[in-house]
Amino acid sequence: HIDYCGFPVFPMAIVPDCLIAVRATDGCTVKLCNVCPRFGAYEFQYQPDDIVTIDQSSHEWANYFKCGYTGALKAIGSTNSVGMQCLMDGSVPISVGLSSSSAFVCCAVLATMKANGNVLPQEGVVEASVASERYIGTNGGGMDQTASIMSRAQSAAFIEFHPALRVTPVKLPDTSPPFTFVVANTMVASDKAVTAPVRYNLRVVETRIGALMLARHLGISGRTECQSAAQLTYKIVMDTYFSVYPNDGSEVDAEGTAVVGKWTMQLTTMLDMLKDLFGSRPQGFTFEECANCLDISTNDLLKLIQADRFPVRAKHFKLLQRAQHVFSEALRVAKFRQVCESASMVADSFAALGDLMNQSQDSCRDLYECSCPELDELCAIARRVGSFGSRLTGAGWGGCSVHLVHQDMRDRFIASLKQQYYAKYFPNLNDDDLGQAIFATTPSSGAAIFVFD
């Protein structure tokens, strides 16, 4: 949840994947089929005026392909499109926080670019994929798409978004015994697009409004950096503030590496300022109160948060709690990378990384309120039976959790979760279903194109 706030994130790609076999054809008709019979065949035609119509109120699987198709053609500047025959398959569980929708959109972008003979460099594919997914009505930040496209095997990806996209592969500590990650599905569906107005997009709006109010509070809202931003984020506000008042913190070095000491000073300073600004309203602000604090009309504020594209519903906006999570989570990301890169911490890396994951889950639960009872219980069980760190993954409100465990206790750990969680709540799951619900994974590679002559 901090990618759309402009802060660095630290994901890894997983083994399950999304595949599209594509063949260019004459004409402009796109035919879609899916190996899974649950998803029926679909076809549409390229439209010169708006490429293709995407109905956000219709949550059909083909919409995700249409989003990628539209974004790809706009990115390559195409005024026409070849016909396409596409067959999709995939092993990424849907609506569980493992970025299945982003993987699908990225795959559709690549397939469309390839069929039309113009595949952009990785950064261009990422940019097109991020823009594409917004057509479905989800106002995301870019972490999922960047990880899907640019990840490298055996490394996590430290992704920076501001001032420019940059991905740094970071090897995980070489410990003895080695560790692995176990992904466990709560079996609670979490569809970002369906629940966006009261969950995912609402959190985006709470951080957008918070950034606007913080910039005004700090006296920097008139600065060029803030005025020129298409969407003001907490990262832009923080960077602008410390460029004006460098003695209040310490700048990140010229190479952009997240030096924890420097990040700590800046982020801690910002956390203290949040209490001054938002602390008197722990219950949150009404939309009218937000507009009054910014000295603008509610209509102007609606335009600033792009409410016409990404509508939200809420009586109060909990700006303090959301901002506290964002800045503290950004600090945890920096510390996580430091542990991975510090040779002196290898012996203690299990405990250090696990503690950061546990802190993150607690913050997601208490401050960002994007956990759910099932996630809380699954993480609690996991910690009792051997996980060093457990947290939700993806947007939250259900879906999957991720757990850091010793590789040599992986099977025992998985068996314990099956017994204490799945057998209790989902006793009718067969072995195949359980295999998809809980599995171990290692950092894997990002997208690729295979050409068959």
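Sorted by average packing, counted as other Cβ atoms within 10 angstrom per residue and highest first, what order do 290-298, 197-205 take? Can you show the working numbers first?
Numbers: 290-298: 15.7, 197-205: 22.1.
So the peptides 290-298, 197-205, ranked by packing, come out 197-205, 290-298.
If contacts are Cα pairs under 8 angstrom and at least 6 residues apart, what is the relative contact order of region 23-173 in percent? Before the final figure, lay out the partial values.
On the way: 231 pairs, mean separation 34.6, N = 151.
The normalised contact order for region 23-173 reaches 23 percent.
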>> Rounded to two decimals, what is the ratio between the C-alpha radius of gyration of the chain and 2.2 N^0.38 Å?
In response: 0.98
> Does anything in region 66-98 have its amide N under 18 Å from the 7 Å Cα→Cβ label point of Ala21, and if so which residues?
Replying inline: 84-92
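Show me 311-317, 425-431 ranked by packing, highest mean number of other Cβ atoms within 10 Å first. Can you show the working numbers first?
Details: 311-317: 14.7, 425-431: 10.1.
Highest-to-lowest ranking by the protection proxy: 311-317, 425-431.
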>> For a 32 Å ceiling on Cα separation, which of these pairs sit above it: Lys171/Lys235; Lys114/Lys262; Lys66/Lys424; Lys275/Lys424?
In response: Lys114/Lys262; Lys66/Lys424; Lys275/Lys424
> Based on Cβ point charges of +1 for Lys and Arg and -1 for Asp and Glu, what charge dipole magnitude is obtained for the chain about its Cα centre, in debye rounded to the nearest 20?
Replying inline: 400
> Just how far, in whole angstrom, is region 138-175 from region 382-400 if you go by their alpha carbon centroids?
Replying inline: 20
> Hey, with R₀ at 56 Å, roughly what FRET efficiency would Asp55 and Lys171 work out to, going by the Cβ-Cβ distance, to 0.05?
Replying inline: 0.80
> Taking the alpha-carbon centroid of each part, what is the distance from region 5-68 to region 78-117 in angstrom?
Replying inline: 5
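Could you size up the charge dipole of region 3-171 around its Cα centre, putting +1 on the beta carbon of Lys and Arg and -1 on that of Asp and Glu, and report it in debye to the nearest 20?
Numbers: 10 positive and 14 negative charges, 74 e Å.
Computed about the Cα centre, the dipole is about 360 debye.
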>> What's the ranking of 216-225, 261-270 by average number of surrounding C-beta atoms within 10 Å, highest first?
In response: 261-270, 216-225
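A short reminder: the numbers here are calculations on the coordinates, not readings from a lab. What you see is a predicted model; the values in this text were computed from it and never measured. A quick note on method: Cβ atoms are made from the backbone with ideal geometry, for glycine too, and the neighbour counts reach across all protein chains shown.
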